[in-house]
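The values are calculated or read from the model by the stated rules, or taken from the named source; none is laboratory data. Source: prediction; values computed, not measured. Because the Cβ atoms are built from the backbone with ideal geometry, glycine has one as well, and the counts that use them run over all protein chains shown.
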Amino acid sequence: MNYKSLLSFTAALIIGLGSVLATGDTKNKDGKSRTFAHNPYNLSINSYQYNSAIGFRGLGTSGLTIKHFTKSNRAIEGIVGLYPDAFSVTVLVETYVNAFDQPGLNWYYGFGGHVATQSDWVYNENYRGYRRANGDFGLGVDGIFGIEYKINEVPIAVSLDVKPFLEVTTNGDAYLAVDPGLGVKVAF
């Protein structure tokens with residue numbers, strides 16, 4: 001199996017797992033459908049709720065981030081990490097808890113996984129310049145814990161989180177990182 005096939009298979013597996021975990025039964029014990037208005041972690045009862053958001057994440061894994069709520073307190077977030085010599089795709093399933101008296105301020109936690117590629121630049125004497133060398137491919141398991149504030153007056157959500165991960169690469173290396181992040185997203 002080549003690396004492109006493995007990357008495609010892994011991405012599909014992570015997205016599929018995230019979709020399964022992010023959906024759930026909305027029936028109560030009586031078999032009746034429940035509404036989110038009876039959910040103690042309901043974020044949709046105030047004007048600070050949003051369904052989707054797109055923006056940027058900086059500090060650790062930096063790049064484009066997209067988030068979509070599948071339930072009132074459950075979201076799937078994707079992060080496309082862009083680096084000068086690397087690229088990664090992370091998918092996370094997150095649970096939101098409104099544990100503060102401030103509307104729009106929530107903490108969240110979750111887990112997921114990522115795939116990453118990296119290539120090194122090496123100096124080539126024959127060409128008198130830098131060229132890309134063979135790259136590595138990595139798979140990782142991610143967790144996330146953070147706090148987010150959705151500003152009522154403007155459609156902006158700001159988050160601060162820690163996304164620890166363990167990654168194993170094709171050359172046999174393993175990495176463990178804390179990966180802090182600061183996110184700014186446009187919510188809609």
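Kindly indicate the residue of region 83-103 that is without any contact (Cβ under 8 Å) to a residue 60 or more places away in the chain and among the aliphatic types (A, V, I, L, M) and also surrounded by the most Cβ atoms within 10 Å (Cβ to Cβ) among those meeting that condition.
ALA86
Filter region 64-98 for residues that are of a type in the set (Gly, Ala, Ser) and under 17 Å from ALA157 (Cβ atoms); which is farthest from the chain's Cα centre (by Cα)? Break it down into steps so the answer makes sense when it comes.
The first filter runs over region 64-98 and keeps only residues of a type in the set (Gly, Ala, Ser), leaving 72, 75, 78, 81, 86, 88.
From what's left, under 17 Å from ALA157 (Cβ atoms): 72, 75, 78.
Details: SER72: 17, ALA75: 10, GLY78: 4 Å.
Looking at residues that are of a type in the set (Gly, Ala, Ser) and under 17 Å from ALA157 (Cβ atoms), I get SER72.
I need the full set of residues from region 153-179 which are in contact (Cβ under 8 Å) with a residue 40 or more places away in the chain, within 22 Å of LEU59 (Cα to Cα) and out of contact with any Asp or Glu (no Cβ under 7 Å at 6 or more places or on another chain), in order please.
Within region 153-179, ASP161, GLU167, ALA177, VAL178, ASP179 qualify.
Assess whether TYR109 counts as being under 12 Å from the mean Cα position of the chain (by Cα) and modelled with pLDDT of 90 or more.
Spelling it out, TYR109 is indeed under 12 Å from the mean Cα position of the chain (by Cα) and modelled with pLDDT of 90 or more.
So, LEU64, is that one assigned to a strand (DSSP E or B), hydrophobic (A, V, I, L, M, F, W, C) and crowded, with 20+ Cβ neighbours inside 10 Å or not?
No, not satisfied.
Taking the conditions exactly as written (of a type in the set (Asp, Glu) and modelled with pLDDT under 95), does ASP136 satisfy them or not?
Yes: the conditions hold for ASP136.
Taking only region 169-186 into account, find how many residues are over 18 Å from TYR109 (Cβ atoms), outside any strand (DSSP E or B) and of a type outside the set (D, E, K, R).
3
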